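Structure, as structure tokens:
Derivation of every value follows stated rules applied to the coordinates shown; laboratory data play no part. The shown structure was predicted, so the numbers you read here are calculated from the model rather than taken from an experiment. Using ideal geometry, Cβ is built from the backbone for each residue, glycine included, and neighbour counts are taken over all protein chains shown.
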Amino acid sequence: MKYTRTTALAAVAVAAAFSLTACGGSDSSGKGSSTRNSSSSEGSSKTGGGSGSGGSEAGNAKPDSGEDTEARAGTANGATRTSGKVTFCKTKDLAIDAMDAAPDETSGRIDITMINRGSTTCSATGFAGVDIKDADNTSNPIERGHAQPRVTILKPGDAAVFDLAYDIDNSGDSLTSPTDILVTPPNETHTVTLKWPQGAGDIKGAYTDVEVYPTHTTE
């Protein structure tokens, strides 16, 4: 009987020990798995946040300023091309005349008018080239005055005007004797010769003291 009880007790002790070992291993395995899952989830969350808020959106973003610049450039070029259809007036299509337009006895002014006798609209924008021919047969180029050219578009029949300005010499001892005005319309190479207007005041100083101003419409 002793032998039987001893054997039974030993068996119970072994079974109990085995049970405790099995429980301990299960807890350890569970804790390790829980820790790894937590780290993996946390890491995945950080990576996902970085990719969503920065990487992909920044990589797919387009430079708006570049696209806007191209659009503006296209519009500007289009406007340039459209205005480019209006060619500069040809000398042969212009009726050109000069007249004395002095406002008083000290300020000399010669108005030169150009009328579009052509069949199409043209541009007379800018400065005309002007030389004054003297009685000694010399030709003297006239300097431009300080003025900004204005857009001057002429439909058939329209007129543009520009003027020569100078001081009048009332001493009777002028050093100049102008006979003709040589006019080359803006952006042209063909010149017309006009008579110096009868009754225009004498030029004070020299031809370098005369200035030509840009064209403008008469309206």
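Taking label positions 7 Å along the Cα-Cβ direction at both Thr106 and Ala206, the computed distance is 2.4 nm, reported to one decimal.
In the range 133-197, a dipole from Cβ-located charges (positive for Lys and Arg, negative for Asp and Glu) runs towards its positive end, and of Pro178, Val192, Gly157 it is Gly157 whose Cα lies farthest in that direction. Between Lys133 and Asn140, Thr179, Asp180, Ile181, Leu182, the built amide H atoms are under 5 Å apart, and every one of these is 5 or more places off in sequence or on another chain. Translational diffusion coefficient of the range 91-217 (Stokes-Einstein, Kirkwood radius from Cα pairs, 37 °C, 0.692 mPa s): 221 µm²/s.
Asp163 sits among other residues whose Cβ lies under 11 Å from its own Cβ, and their net charge, with Lys and Arg +1 and Asp and Glu -1, is -2. Highest mean packing comes first when the peptides 144-153, 117-126 are listed by Cβ atoms within 10 Å, giving 117-126, 144-153. Here the label points at Thr91 and Thr218, each 7 Å from Cα along the C-beta direction, are separated by 2.2 nm in the simple model.
With the cut-off at 26 Å, tell me which of the pairs Lys85/Lys133; Lys92/Lys155; Lys92/Lys204; Lys155/Lys204; Lys92/Lys195 have Cα atoms farther apart than that. Before the final figure, lay out each step's value.
Working: Lys85/Lys133 36 Å; Lys92/Lys155 15 Å; Lys92/Lys204 33 Å; Lys155/Lys204 37 Å; Lys92/Lys195 18 Å.
Among Lys85/Lys133; Lys92/Lys155; Lys92/Lys204; Lys155/Lys204; Lys92/Lys195, the Cα-Cα distance tops 26 Å for Lys85/Lys133; Lys92/Lys204; Lys155/Lys204.
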